[in-house]
Every structure is written in C-alpha cells, then in structure tokens.
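Notes for the one structure printed next.
Values quoted throughout were computed directly from the atomic coordinates according to the rules given, and no laboratory measurement underlies them. It should be emphasised that the depicted structure is a prediction, and the values quoted were computed from it without experimental measurement. Using ideal geometry, Cβ is built from the backbone for each residue, glycine included, and neighbour counts are taken over all protein chains shown.
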2 protein chains.
Amino acid sequence: MYYHKDLSLLTELIERFESLPSIGHRSAERLAYHLLSVPKEEAQAFADSIVKASREIHRCPRCFNLTQQEICCVCADKSRDPKIICVVEAPKDVAAMERVRQYNGLYHVLGGCISPVKGVSPDQLHIPELARRVAEEDVEEVILALNNSVEGEVTTSFINKLLLPYAARVTRLASGLPVGALLERSDEMTILRALERREEL
Amino acid sequence: MYYHKDLSLLTELIERFESLPSIGHRSAERLAYHLLSVPKEEAQAFADSIVKASREIHRCPRCFNLTQQEICCVCADKSRDPKIICVVEAPKDVAAMERVRQYNGLYHVLGGCISPVKGVSPDQLHIPELARRVAEEDVEEVILALNNSVEGEVTTSFINKLLLPYAARVTRLASGLPVGALLERSDEMTILRALERREEL
C-alpha cells in the first residue's frame, strides 16, 4: 500500500514500531524516518539501550518488581515495613504508587489480572507466590491496588477469598470520584460507586 | 522525580524514547515497560531492526531520497519521466506524493527548508545540487511541493529565483481548502488563500 519498494528495512522498522502499544501506522512511520535522520551512533545507542535493558532487567524473586540487582530496591530497603504488602498488576503500577511518596510497605506484582476472556487463570499470575508470602512471612495487611476494571474486580475478590484463612487484613484502594472530577463529566458507574460508598461528614 | 532508583537502564531507555518526536514522558514510560515485558528475542529483533535500517539505508546520490540500493527506486525506474522534478523537504514527503499514484516524474529531496530562525541556509540543504541538476539535465518542469508553511514559502521563492536563468518551468502545489474541509472550521489564512486564488467555473 505504501511506497517503500526498495526499502524493506524501513518497512520492517515501521512494522516494529507499529507493534508497540498505542503507536499507529502514521506515528510508526514518523518514528522510523526520525531514526534514519539522526546520526548512526545515536540510532546505535538507542538499539544498545533496548538490548541492555532487556537483558539486565529482570524480576525480583520475592515481589516480581523489575530490578537490575539481585532483589529490588524496595525489598532491599530495610526502612520499609515488611508487614504490609501492596498487590499491583504490573511494575509500572509500583512506579505509580511510589510517586505518591506515602506508602512505606512492600509490593507484590501479579504480572496481570485474572481474565476468563483472555484465558488468564490465577496460576499463570504470581498469585500462588503471594499466598506463600502471606503464609510464611509475618504479614499484617495486604492492600489490593489493582486497576478499577472488571478484571481487577475479579482478581481482587479471588485473592480476598484465597487469603481468608490467614490472619492478615485484606484491604483495597477506595473507589469514587477522582480528585478534580466534574460531576457532569463523570461516567455513570463512577457516580454510582461514589454514591454507594458515600461517606459521613 | 520518578521511581527508578536501581533501574538506571530503564531510566535510560525511557529517556531514549522521550527523545523521539511526539513521544511524551508517559508514552515513553509505557513503551519502555512494554519492551521489558516482551521476550528478550523480540527486544533484540527490534534493536537489530534499528541498527540495520540505520546502517544500510542511505541517501540516493542523485535525488537524496532514502534507498538501500545504489540509487533509489524512483531514479532507477526507466518508465518515469526524467524531465519533471518534484522538490520536497524530506523522504517521507516522497512517500506522501507516491501514495497519490499520479505523479510519474523524479524527485529532489532538500533535507529541510530555509529558516533564518533555525539558522538553516540554502547551502546546508541540497539546493545547490538541485540547481546543478536543472542546469545539466534536460529538465522541463520543477514542481515545488514544500510544506505550506512560512519556511516552505521562503524556500519556494528562493528556489524560484535561483532557477530563473534556466528554461525549466517552475510550478508549486495549489493552495486552498483541503478536500472535505468545512468552511466554518477552516482557519482564516486558508480561507483567505482560497479566496485570493479562486477559480473560474
């Protein structure tokens, strides 16, 4: 369809960019042309950065957060409270929580959410490892900080049931109107949720 | 500011993505996390694609379009009319023109536009090579197909003056309302231009 007859390498590069999340064909073209317009050393440095990050960054064996060290910097930080575990879907959610600068416990990264539709079952996630941590470590609270989606809900209630036998308190992030939200622009589900969980003044 | 304490390689990868055009910090983060979530072979293949494209794609010595061959596929195509040269800013503009499937002449890629503000002078572009082509080859028409911007205008009139001594006709793409445009949503400059250049029915 497009004109890259003798440019199979450009076509391939465009397709690679297009395979990335939320990059459409036009953006992919623009990015590929950009990389061909910069000095070869810069393109090489970009490629090296991808390879090095991909090779050297791995999962923390305890919480499955990303790390370049043996264990991640949260697990390694002795000043953090090991009795609280915040459960998130992905490493980027750890970054989102840390940005708040208020949470001082540890994490547990599931690697996704339970989804019958996508065929993701609990044992394909790091849910068994979470149960083991709660059983073996001295955990007082498990905060479920999953996305506020149907799959997040399913996963939240699955883990809640799974952890019932243990002494740890299981909580979840509050659901309601986001800070700064205009009522007239909020969707029905959010308003309904905020109404059901209304708080005493 | 963000939380990537022991993840210098992730931070670097995010910065690399951020240096690409129209990729903001959040998009860069998402792309970097994505590349860490795919199999290492896939990340490696992406990096290889960048390096190979950057190494093997170069400028056509005649028209400065991108090519993997000795000369580009337009210049190499004997069925195209060598008496017409379409002048564009960048290789992606060649792709845009080719998508129309109506133009059958050759190209000349300037590598940018004249811009006193950005300090780009005519001899930093492939303008001398264009003058040489017009002087030495049997050129009947030069179509200036530059962006419809201030810099495009400046470059268009510079090249027009430069080519005055030669027999070749110098034309430019028409300026006016784009196809499908709503008058009420068109900007003043576009309407003014369309009014000034109104056509007899």
> Can you list, largest first and rounded to whole Å, the semi-axes you get for the protein assembly as shown by taking the square root of 5 times each eigenvalue of its Cα gyration tensor?
Replying inline: 56, 26, 18
> What residues have an amide H closer than 5 Å to that of residue B:173, excluding those fewer than 5 places away on the same chain, when H is modeled at 1.01 Å from N in the peptide plane?
Replying inline: B:144, B:146
> Near residue A:127, within a Cβ-to-Cβ distance under 12 Å, what is the net charge of the other residues, with Lys and Arg +1 and Asp and Glu -1?
Replying inline: 0
>> Please report the antiparallel percentage of the DSSP beta bridges confined to the protein assembly as shown, to the nearest 5.
In response: 20
> Counting Lys +1, Arg +1, Asp -1, Glu -1, what net charge surrounds residue B:54 among other residues with beta carbon under 14 Å of its beta carbon?
Replying inline: 0
> Using modelled backbone amide H atoms (1.01 Å from N, in-plane), which distant-in-sequence or interchain residues come within less than 5 Å of residue B:86's amide H?
Replying inline: B:106, B:107, B:108, B:143
> Label residue A:199 and residue B:184 with points 7 Å out from Cα along Cα→Cβ: what is the distance between them in nm?
Replying inline: 4.5
>> Which cysteines in chain B lack any other cysteine whose Cβ sits under 4.7 Å from their own Cβ?
In response: B:63, B:73, B:75, B:86, B:113
> Can you give the net charge of the other residues whose Cβ lies under 11 Å from the Cβ of residue A:177, counting K and R as +1 and D and E as -1?
Replying inline: +3
> Just for region A:79-172, what percent of DSSP beta bridges are antiparallel, to the closest 5?
Replying inline: 5
> How many nanometers, to one decimal and shortest first, lie between the label point of residue B:119 and those of its other copies, if labels sit 7 Å from Cα toward Cβ?
Replying inline: 5.8
> Name the residues of region B:166-201 whose amide N is less than 19 Å from a point 7 angstrom out from the Cα of residue B:81 along the C-beta direction?
Replying inline: B:167-174
> Residue of B with Cβ nearest the axis relating B to A, plus distance in whole Å?
Replying inline: B:47, 2
>> For chain B, take the longest principal axis of its alpha carbons; what is the angle in degrees between that and the long axis of helix B:25-37, to the nearest 10 within 0 to 90?
In response: 60
>> If each label sits 7 angstrom from Cα along the C-beta direction, how far apart, in nm, is residue A:78 from its counterparts in the other copies?
In response: 8.0
> What are the label-to-label distances in nm, one decimal and shortest first, from residue B:180 to the same spot in the other copies, with labels 7 Å along Cα to Cβ?
Replying inline: 3.3
